[in-house]
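Q: My questions will all concern the structure given below.
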Amino acid sequence: MERVIGLDMGYGFIKANDGREGRRFPSVVGEGNAGNPMSFGFQKQESANDIRITVGGKTYFLGDLAVRHSRIAHRGLSATRAEGDDIKILFLGALSQFCRESMNDFYVVTGLPPGRMHMADDLVARLRGDHTVTRHVGRNRQDLSIRLENIEVVPQPLGTFWAEVLDNRGQLRQDSRLLGGKVGIIDVGFRTTDFATIVDGEYAPSWSRTVPIGISNAYDTLSGALATQHGLERETYTLDRAVIDGQINVSGRRVDITDLRDQIFGEVATKLLVEVQSLWQLAEYDAVLLTGGGGHVLERYLRPQVPQCTLVNDPVTANARGYFAWGAYQTQEQQPAAQTGSYSGGDAVNQPAGTSDELQDASGGDRA
Ligand SMILES: Nc1ncnc2c1ncn2[C@@H]1O[C@H](COP(=O)(O)OP(=O)(O)OP(=O)(O)O)[C@@H](O)[C@H]1O
Ligand SMILES: [Mg+2]
């Protein structure tokens with residue numbers, strides 16, 4: 001039996017959910033080695049966020065482990081996501097965390113930014129099929145076989161919509177106010193922000209787009225300011241903690257960066273508002289959902305201009321949870337599982353932004 005996994009492959013963080021638990025790790029891939037990376041450290045043994053896998057004879061560190069240990073660590077997803085095999089390694093690394101047996105059959109629902117949906121077929125072609133992955137935990141090695149027959153690629157922010165209108169078993173919340181009217185989603189990510197519009201439950205590509213503005217813009221500005229003010233050279237991927245805590249260590253001293261941070265985030269929010277206002281007639285929107293890890297930090301700047309906007313519950317993982325819920329919804333409806341390949345957009349009314357016509361036929365729109 002295929003297991004459904006929701007996988008949100010962000011430029012900043014990979015988020016995954018199998019309906020029971022979620023995982024999140026930085027989208028960083030580094031060269032690894034097969035030995036134990038902690039042999040001389042005093043830190044506790046590898047944590048759940050330490051991912052080490054071997055694929056095709058090469059060993060990789062992923063996530064936090066790559067940030068700490070790899071000589072060559074880089075954000076795994078380039079702007080076009082075409083760079084090398086990183087996306088495949090991150091994909092398999094995330095899935096390896098959900099393998100309970102040596103043979104695993106997954107139905108993966110994942111997203112691409114609305115502006116990059118044309119790459120869906122290529123992504124599916126690269127990932128589909130049978131994969132062999134060795135997972136390293138301490139000194140142990142486990143050989144895993146991962147079969148990916150069904151991969152469904154959807155416009156990224158729809159995950160947040162599904163997380164709101166479907167429950168965690170994939171049942172439609174009939175009372176959701178979001179199933180009618182015009183709903184906007186603003187997904188503020190690490191490198192990009194996605195805007196998506198859903199009208200009466202249907203995805204509307206014309207009012208959906210991706211802009212290259214994200215939290216990393218703030219990080220770049222911040223790292224420039226830190227270099228000037230404190231002579232501190234920091235790679236942006238090491239700044240997450242400092243930004244969340246509002247302080248940074250300089251020569252063993254803690255320096256408060258909250259004022260600097262807030263000013264920089266205000267500037268990013270202003271740029272985003274310009275984009276929102278040029279894409280949407282905000283007065284027409286019944287609800288605007290703010291999501292993504294950047295939603296947390298930008299909410300207070302956006303709300304005065306976008307009064308109908310609400311920060312969703314657990315915005316960082318909302319897409320991944322929604323992808324899982326969508327997969328569960330399709331499976332339980334006994335549909336021919338997901339269309340493998342690109343997202344076609346639905347024409348169903350009062351459906352949770354469905355992907356296919358057959359959904360409507362089987363259920364008649366009544367899914368009590
Ligand atoms: N609780 C939080 N407080 C402040 N910042 C946060 C919080 N959680 C996440 N962030 C920041 O939000 C940023 C975006 O996170 P998110 O996981 O949404 O990005 P992503 O999906 O990887 O990026 P993209 O959507 O561009 O591909 C990260 O840089 C992270 O540091
Ligand atoms: Mg994202």
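The values are calculated or read from the model by the stated rules, or taken from the named source; none is laboratory data. Since the structure is predicted, the reported quantities are computational estimates derived from the model, not experimental observations. In this analysis, Cβ positions are derived from the backbone assuming ideal geometry, glycine residues included, and neighbour counts consider all displayed protein chains.
Q: If the requirement is being in contact (Cβ under 8 Å) with a residue 40 or more places away in the chain and more than 16 Å from ligand 2 (Cβ to nearest atom), which of these qualifies: N249, N150, N217?
A: Only one candidate qualifies: N150.
One line per residue, one yes/no per condition, for (1) of a type in the set (A, V, I, L, M); (2) surrounded by fewer than 18 Cβ atoms within 10 Å (Cβ to Cβ); (3) in contact with a strand residue (DSSP E or B) (Cβ under 7 Å, 6 or more places away or on another chain):
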{"position": "L158", "(1), (2), (3)": "yes, no, yes"}
{"position": "W162", "(1), (2), (3)": "no, no, no"}
{"position": "G170", "(1), (2), (3)": "no, no, no"}
{"position": "F195", "(1), (2), (3)": "no, no, yes"}
{"position": "A204", "(1), (2), (3)": "yes, yes, yes"}
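Q: Could you look through region 225-240, keep only residues that are at pLDDT below 80 and not hydroxyl-bearing (S, T, Y), and pick out the one that is nearest to the chain's Cα centre (by Cα)?
A: If we take residues in region 225-240 being at pLDDT below 80 and not hydroxyl-bearing (S, T, Y), then D240 is nearest to the chain's Cα centre (by Cα).
Q: Right, next: If I filter region 15-30 down to residues being of a type in the set (D, E, K, R) and either in contact (Cβ under 8 Å) with a residue 60 or more places away in the chain or assigned to a strand (DSSP E or B) (or both), which single residue comes out as nearest to ligand 2 (Cβ to nearest atom)?
A: Going through the qualifying residues, I end up with K15.
Q: Checking V199 against (1) among the β-branched types (V, I, T); (2) without any contact (Cβ under 8 Å) to a residue 24 or more places away in the chain; (3) within 16 Å of ligand 2 (Cβ to nearest atom), which single condition isn't satisfied?
A: Result: V199 fails condition (3) only.
Q: (1) loosely packed, with under 15 Cβ neighbours inside 10 Å; (2) under 30 Å from D105 (Cα atoms); (3) in contact with a helix residue (DSSP H, G or I) (Cβ under 6 Å, 6 or more places away or on another chain): which one isn't true of N319, the others all being true?
A: (1)
Q: Would you mind telling me which numbered condition in (1) surrounded by fewer than 16 Cβ atoms within 10 Å (Cβ to Cβ); (2) in contact with a Phe, Trp or Tyr (Cβ under 9 Å, 6 or more places away or on another chain) V243 fails?
A: Single failed check for V243: (1).
Q: Picking from V133, V165, which residue would you name as being out of contact with any Lys or Arg (no Cβ under 9 Å at 6 or more places or on another chain) and touching a residue at least 24 places away in the same chain (Cβ under 8 Å)? Break it down stepwise before answering.
A: Values: V165 fails: out of contact with any Lys or Arg (no Cβ under 9 Å at 6 or more places or on another chain).
When all the criteria are applied, what remains is V133.
Q: Now for a separate question. Please specify each residue of region 1-30 satisfying the condition of being surrounded by fewer than 24 Cβ atoms within 10 Å (Cβ to Cβ) and away from ligand 1 (no atom under 13 Å from the Cβ).
A: M1, E2, R3, D18, G19, R20, E21, G30
Q: Let me ask something else about it. For region 201-233, what are the residues that are more than 19 Å from P114 (Cβ to Cβ) and either outside any helix (DSSP H, G or I) or of a type in the set (D, E) (or both)?
A: Within region 201-233, D220, G231, L232, E233 qualify.
Q: Something else now. Is there any pair with a first residue in region 274-291 that is crowded, with 16+ Cβ neighbours inside 10 Å and a second that is in a strand (DSSP E or B) and basic (K, R) whose Cβ atoms are under 6 Å apart and which are 6 or more apart or on different chains, and what are they?
A: Final answer for the pair search is Y285/K182.
Q: Given the criteria closer than 17 Å to L7 by Cα and more than 13 Å from ligand 2 (Cβ to nearest atom), does F98 qualify?
A: The answer is yes for F98.
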